[in-house]
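Participant: This is the structure I want to talk about, given as C-alpha cells.
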Amino acid sequence: MAQVHVLDHPLIQHKLSLIRDEETGSKDFRELVEEVAMLMAYEVTRDFPLEEIEVKTPVATTKTKVIAGRKVGLVPILRAGLGMVDGMLKLIPTAKVGHIGLYRDPETLKPVEYYCKLPTDIEERELIVIDPMLATGGSASAAITFLKERGVRNIKLMCLIAAPEGIEAVRSAHNDVEIFVAAVDEKLNYHGYIVPGLGDAGDRLFGTK
Ligand code: URA
C-alpha cells in the first residue's frame, strides 16, 4: 500500500487551525495556505537525492551536498490547488507548473478533464499533484490517471486535509502514489464536505462566497 504521511509539525498544525476557523477571512486564509504549502514542501522533498560538490568558502575548500538535478513539476487541480502553488515555488523555484481542471459529468458522475496544460517534458519530471481537500478522492484519482496516461510515472499527492474515504479511493486506484497531508479528518458529510474540514477551499481562497 502506498504510504500516507501526516505532517504534524507544530507550525503546520498551528496554521491549519487558523485556516479551519470560519472567522479567518480570505486574505489571511490565502497567506496561511501558502505558508503551510511551503512547510509541507519541505517534507515532500525529503527523499530527493543529493550529490557531492566542491565549494570554496572564504576559509577553505570543502565537499558539500546539493540536490542531484531532479526535475520537478507541480500540478494543481483547479481551482483550489492554485492556493498552494506559490508556497511550494518558494522552496522549489525551478519547478514547472501544469494545470488540470476537472468537472463531474452529471449523468455518468465520472470526472471529465476540461483543461489541461502541462510542461512538455512532463514524463521526465517528478510530479506533485496539489489539491487542498482530498474529499471523495475522485478528482485526485482522475488527475493522476490522466497524468499516467501521458507517461508520467513518478507522482506524489499533496493535500491540506483528507477524509479517510479520499485516502482509500486514491490508494486503491494508485497504489504507487505517496500521499502527504496535514490532517486526516473524521469523515465526509452528505454534501461531500470534509468534517470538520474548513468548508469550501476554493470559495475561501478566492472570496467567492
Ligand atoms: N472540497 C472543498 O473545498 N471542501 C471540502 O470539504 C470538500 C471538497
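The values are calculated or read from the model by the stated rules, or taken from the named source; none is laboratory data. Quantities reported herein were computed from a predicted structural model and do not represent experimental measurements. As a convention, Cβ positions derive from the backbone with ideal geometry for all residues, glycine included, and neighbour counts pool all protein chains shown. Calculation scope for accessible area: heavy atoms of the full protein, side chains included, ligands and nucleic acids excluded. Shrake-Rupley method; radii C 1.70, N 1.55, O 1.52, S 1.80 Å.
Participant: I need a count of the residues in the stretch 130-149 that are farther than 27 Å from Y190 by Cβ and in contact with a Gly (Cβ under 8 Å, 6 or more places away or on another chain).
Facilitator: Our first condition is that a residue be farther than 27 Å from Y190 by Cβ; within the stretch 130-149, this holds for 146-149.
Now narrow it down to the ones that are in contact with a Gly (Cβ under 8 Å, 6 or more places away or on another chain): none.
Going through the stretch 130-149 one residue at a time, the tally reaches 0.
Participant: Considering each of G137, G166 in turn, give the residue that is closer than 29 Å to K27 by Cβ and within 11 Å of the ligand (Cβ to nearest atom). Even if it seems obvious, please write down each step before you answer.
Facilitator: Values: G137 fails: closer than 29 Å to K27 by Cβ.
Going through G137, G166 in turn, the sole match is G166.
Participant: Is it the case, given these coordinates, that P132 is under 19 Å from V97 (Cα atoms), in contact with a strand residue (DSSP E or B) (Cβ under 7 Å, 6 or more places away or on another chain), more than 16 Å from the ligand (Cβ to nearest atom) and not hydroxyl-bearing (S, T, Y)? Even if it seems obvious, please write down each step before you answer.
Facilitator: Values: under 19 Å from V97 (Cα atoms): yes; in contact with a strand residue (DSSP E or B) (Cβ under 7 Å, 6 or more places away or on another chain): yes; more than 16 Å from the ligand (Cβ to nearest atom): no; not hydroxyl-bearing (S, T, Y): yes.
Answer is no for this residue.
Participant: For the stretch 96-112, give me each residue that is free of Cβ contacts under 8 Å to residues at least 24 places away in the same chain and open to solvent by less than 20 Å² (accessible area, probe 1.4 Å).
Facilitator: None; the set is empty.
Participant: Considering only strands (runs of 3 or more DSSP E) fully contained in the stretch 11-85, which possess at least 1 residues that are of a type in the set (S, T, Y), open to solvent by less than 20 Å² (accessible area, probe 1.4 Å) and under 26 Å from T145 (Cα atoms)?
Facilitator: Details: elements: 50-56, 61-67, 72-76.
It comes to none.
Participant: Can you name the residue in the stretch 172-209 that is assigned to a loop (DSSP other than H, G, I, E, B) and away from the ligand (no atom under 11 Å from the Cβ) and, of all such residues, is nearest to S26 (Cα to Cα)? Break it down into steps so the answer makes sense when it comes.
Facilitator: Residues of the stretch 172-209 assigned to a loop (DSSP other than H, G, I, E, B): 174-177, 185-186, 189-193, 196-200, 207-209.
Keeping just the survivors that are away from the ligand (no atom under 11 Å from the Cβ) gives 174-177, 186, 190, 207-208.
Details: H174: 33, N175: 35, D176: 35, V177: 31, E186: 25, Y190: 26, G207: 6, T208: 9 Å.
Applying the filter and picking the extreme gives G207.
Participant: Got at least one residue in the stretch 75-88 being at pLDDT below 95, of a type in the set (V, I, T) and more than 23 Å from H9 (Cα to Cα)?
Facilitator: Checked the stretch 75-88: no residue is at pLDDT below 95, of a type in the set (V, I, T) and more than 23 Å from H9 (Cα to Cα).
Participant: In the stretch 121-154, which residues are open to solvent by less than 30 Å² (accessible area, probe 1.4 Å), touching a helix residue (DSSP H, G or I) at 6+ places or on another chain (Cβ under 8 Å) and either in a helix (DSSP H, G or I) or free of Cβ contacts under 8 Å to residues at least 24 places away in the same chain (or both)?
Facilitator: Selection gives I122, G138, A140, S141, I144, L147.
Participant: So which residues in the stretch 157-173 are open to solvent by 10 Å² or more (accessible area, probe 1.4 Å) and either in contact (Cβ under 8 Å) with a residue 12 or more places away in the chain or of a type in the set (K, R) (or both), if there are any at all?
Facilitator: We begin by selecting, within the stretch 157-173, every residue open to solvent by 10 Å² or more (accessible area, probe 1.4 Å); these are 164-165, 167-169, 171-173.
Correct list: P164, E165, I167, E168, A169, R171, A173.
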